[in-house]
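Let me begin by presenting the structure, written as structure tokens, before commenting on it.
The values are calculated or read from the model by the stated rules, or taken from the named source; none is laboratory data. Everything quoted here is computed from the prediction, not taken from an experiment. Every residue, glycine as well, gets a Cβ built from its backbone with ideal geometry; the counts of neighbours run over all protein chains shown.
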């Protein structure tokens, strides 16, 4: 019996145009330069006890003649993100049915603090597990194991949704059935189907 649904955050609840594509369009920063640096920086800032994120982003942006203050950069990046109202409503409905709703997200302090300002995140989700707080970055199996142990859940009592294949595989390794997110309607169909299984 399913007792909990675990979701990735970005790409499911929070949807946005790709930062690299926007920087290329607005400032001419080529993808082949941006993407390796995005991966390098994100790898560092998602860790527990990471240095402030802008201490990585600021020098990179300056090097490419993009003059953002820290506040302006976060507003440029996070301000383009849109919350899926359909996902929020569905999560609230799950909670009303007694299903636990968790978010498991590779994210950094500044971004998660921005998300903490959203009232919906507190209303639609029982608990958010950010990598910078837990110390476990997906696809590290310990990220899912932490959610299970903290909530006294067995793997077979949960299902997981993500938009990244490597995270789906890791979830399955832990024993949690995982599904690729494509759109809200399909996600709802799958969740309802799984909940109705005896």
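At a glance:
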read-out: Among (1) crowded, with 18+ Cβ neighbours inside 10 Å; (2) touching a helix residue (DSSP H, G or I) at 6+ places or on another chain (Cβ under 8 Å), the one test that residue 123 misses; value: (1)
read-out: Inter-residue pairs, beta-carbon under 8 Å, first in the same structural domain as residue 49 (by TED's automatic domain parsing) and in the stretch 95-112, second at pLDDT 95 or above, 6+ apart; value: none
read-out: Among the candidates 195, 153, 187, 148, residue that is buried (at least 20 other Cβ atoms within 10 Å of the Cβ) and more than 30 Å from residue 52 (Cβ to Cβ); value: 187
read-out: Hits in the stretch 168-188 - residues which are assigned to a helix (DSSP H, G or I), touching a strand residue (DSSP E or B) at 6+ places or on another chain (Cβ under 8 Å) and closer than 15 Å to residue 5 by Cβ; value: 168, 171, 187
read-out: Subset tally (residues that are assigned to a loop (DSSP other than H, G, I, E, B) and in contact (Cβ under 8 Å) with a residue 12 or more places away in the chain) for the stretch 113-143; value: 9
read-out: Extreme residue, nearest to the chain's Cα centre (by Cα), among residues of the stretch 48-76 that are surrounded by fewer than 16 Cβ atoms within 10 Å (Cβ to Cβ) and under 21 Å from residue 135 (Cβ atoms); value: 48
read-out: Residue 24, sole failed condition from (1) in contact (Cβ under 8 Å) with a residue 40 or more places away in the chain; (2) surrounded by fewer than 19 Cβ atoms within 10 Å (Cβ to Cβ); value: (1)
read-out: Conditions (1) within 16 Å of residue 27 (Cα to Cα); (2) touching a residue at least 24 places away in the same chain (Cβ under 8 Å): number failed by residue 52; value: (1)
